[in-house]
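Peer 1: Dropping a structure here in structure tokens format, bear with me for questions.
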Amino acid sequence: PLSPAAVVGAGLGGSAAAYFLQQHFGPQVQLDVYEAASVGGRLATVTVNKQQYESRGASIHALSLHMQDFVKILGLKHRREVAGKSAIFSGEHFVLEETDWYLLNLFRLWWHYGISFLRLQMWVEEVMEKFMRIYKYQAHGYAFSSLEELLRSLGGEAFVNMTQRSVAESLLEVGVTQRFVDDVIAAVLRSSYGQSVLVPAFAGAMSLAGAQGSTWAVEGGNKLVCSGLLKLTKANVISARVTGISLHSSEGRALYQVHYESTEGQGSAFYDLVVLTTPLHPSRSNFTFDNFDPPIADLPGAFQPSVTSVVHGYLNSSYFGFPDPKLFPFTSILTTDTPDLFFHAMDNICPVNISAAFRRKQPQEAAVWRVLSRQPLDKHQLKTLFRSYYSVQVTEWQSYPRYDAAKALPPIVLHESLFYLSGVEWVASSMEMIAVAAKNVALLAYNRWHQELEKIDQKDLMHKVKTEL
């Protein structure tokens, strides 16, 4: 039987991995979860006027089945939706404005962009429909030893290629116009990944699905999913920074020694199985692997710095062409890829606990806005967006992979029972993508441990799953 297992990182990846490992290996498996900062990772909140607000990672797509499950199992609730309108700003004027009337929005999109809008929807739907197969495969216990194999099983070589070419290229190929890509697609990708239409097609499709589907969030904050899963699995959370892993062997099996630093000093412990859910890129962690032969290589790639500023203040609506703030109709502003625009997107955000009596602030009142940008905003930039403000809380993240041109995807298996979860973000970065990867790693670990090799990297799974039913 599997003795202790370690999970490094207590963000969504780590807490979901701990939950799924226990689900598959059984309640007797002893789980240690290491976390240097706070449980929840990037799912963090900031406090303004005694109210908590999501500092990022805010919305979850309606089709996120694992996230939906977590919320159900943990007895959490969906946060009440507070309606609002969005618009896309070019730095000089709004290129697209949403109205209260859904049909009119569709008509505007048609009027401006004709059939591009329809072609985009069909493209995203086709990707999502194939992606949804993963739930069936996982329900039947199938796992994949590499991200390429996982993608191939869902959408063949076409899916693998979508991680190697840009979303712009893929959309232009299906007949979406350059103008639609520049106005609409660019704005959505800037608001989700803080990057341009050169992000890979697969990551782009996931982000666009979130922009046009219905989304939700967790009442009380999305980070409650992480703390909830860790409580449910009775995982032992160790507050320490893992510095490295060295390989030992016992009775023909690999044994991993996890080295860590905590406020008490340095320590280490031995495990049969280790799942790493923190990025292993040299820019992000100085992590050492000892006694591995062949050695575990540094992973290529870099991370995109991004900045979230939560500002409590009065919007300067005249910057957006509305001299009278009372008439400013938007709660969410996306931006096109214009050189002088210093921010990616801004939203008038609601607290994580929304009472029945809650109403959104009127545009002329002080409200809490979340501004996403690449660099911290300077005084002049804050004064451009806000007439005046009470407080600014800045969070800097190395949050998303820099989706530059084609690189091979990172491995999932680093060694016999040493797995890497965060590599999935190079396919697409969303809460659900991480949950899917966590379930895959748990199944992979289980199937390898029990030598159930017919459950790993199977070809023609669609057919197999149909006949198993």
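The values are calculated or read from the model by the stated rules, or taken from the named source; none is laboratory data. Keep in mind it's a predicted model, so treat the numbers as computed, not measured. Cβ atoms come from the backbone with ideal geometry, glycine included; neighbour counts cover every protein chain shown. Accessible surface areas use protein heavy atoms only, side chains included; no ligands, DNA or RNA. Shrake-Rupley method; radii C 1.70, N 1.55, O 1.52, S 1.80 Å.
Peer 1: Using r as the Cβ-Cβ distance of Val465 and Arg253, and R0 as 25 Å, what FRET efficiency do you calculate, to the nearest 0.05?
Peer 2: 0.20
Peer 1: Count the DSSP beta bridges whose two residues both fall in the chain, then state the antiparallel fraction as a percent rounded to the nearest 5.
Peer 2: 70
Peer 1: Shifting gears a bit: Would you kindly state how much longer the chain becomes between Ser90 and Arg165 on full extension, computed as 0.36 nm times their sequence separation minus their alpha carbon distance, in nm to one decimal?
Peer 2: In short, 24.4 nm is gained.
Peer 1: Along the charge dipole of the chain, Cβ charges K/R +1 and D/E -1, which of Leu327, Pro294, Leu118 sits furthest on the positive end?
Peer 2: Result: Leu327.
Peer 1: Less than 17 Å apart at the alpha-carbon level, and either on another chain or at least 8 residues along: which aspartates and glutamates does that give for Lys231?
Peer 2: The qualifying aspartates and glutamates are Asp32, Glu35, Asp69.
Peer 1: Still on this model: Taking 0.36 nm per intervening residue step and subtracting the Cα-Cα distance, what contour gain separates Ala269 from Phe292 on full extension?
Peer 2: 6.5 nm
Peer 1: Can you tell which of Ser388, Ala408, Ala428 lies farthest toward the positive end of the dipole of segment 325-433, using +1 and -1 charges on the Cβ of basic and acidic side chains (Lys, Arg; Asp, Glu)?
Peer 2: Ser388
Peer 1: Cα to Cα, under 18 Å, and not fewer than 8 places away if on the same chain: which aspartates and glutamates meet these conditions relative to Lys130?
Peer 2: Within the straight-line limit of under 18 Å, Lys130 reaches these aspartates and glutamates: Glu148, Glu149, Glu157, Glu432, Asp457, Asp460.
Peer 1: Using 0.36 nm times the number of residues separating Arg133 and Glu219, minus their current alpha carbon distance, what extension gain do you get?
Peer 2: 28.1 nm
Peer 1: Could you give the size of the charge dipole of segment 330-469 about its Cα centre, using +1 on the Cβ of each K and R and -1 on the Cβ of each D and E, expressed in debye and rounded to the nearest 20?
Peer 2: Roughly 520 debye, rounded to the nearest 20.
Peer 1: Could I have the simple spin-label model distance between Lys234 and Ala37, label points 7 Å from Cα toward Cβ, reported in nm to one decimal?
Peer 2: Rounded to a tenth, the inter-label distance reads 3.1 nm.
Peer 1: If R₀ is 45 angstrom, what is the calculated FRET efficiency for the pair Thr99 and Tyr390, using the beta carbon separation as r and rounding to 0.05?
Peer 2: 0.90
Peer 1: Next up: Which listed residue (Leu377, Trp397, Ile349) has the Cα farthest towards the positive end of the charge dipole for segment 340-403, taking +1 on Lys and Arg C-beta and -1 on Asp and Glu C-beta about the Cα centre?
Peer 2: With unit charges placed on the Cβ atoms, the residue in question is Ile349.
Peer 1: Explain nothing, just the number: relative contact order of the chain, from Cα pairs under 8 Å at least 6 residues apart, as a whole percent.
Peer 2: 26
Peer 1: How high is the relative contact order of segment 63-195, in percent, counting Cα pairs under 8 Å that sit 6 or more residues apart?
Peer 2: Worked out over segment 63-195, it gives 22 percent.
Peer 1: Accessible surface of His450 in the full protein assembly, 1.4 angstrom probe, to the nearest 10 Å²?
Peer 2: Per-residue accessible area (His450): approximately 90 Å².
Peer 1: Any of Lys72/Lys407; Lys50/Lys72; Lys77/Lys466; Lys72/Lys136; Lys85/Lys383; Lys77/Lys439 with alpha carbons more than 26 Å apart? Name them for me.
Peer 2: Over 26 Å Cα-Cα: Lys72/Lys407; Lys50/Lys72; Lys77/Lys466.
Peer 1: Further, regarding this structure: Over the chain, average the accessible area per residue using a 1.4 Å probe and give it in Å², no decimals.
Peer 2: Ligands and nucleic acids excluded, the figure is 44 Å² per residue.
Peer 1: How big is the charge dipole of the chain about its Cα centre, in debye rounded to the nearest 20, if each Lys and Arg gets +1 on its Cβ and each Asp and Glu gets -1 on its Cβ?
Peer 2: 1260
Peer 1: Related question: Could you check what % of the DSSP bridge pairs in segment 1-158 are antiparallel, to the nearest 5?
Peer 2: If I count the DSSP bridges inside segment 1-158, around 65 percent turn out antiparallel.
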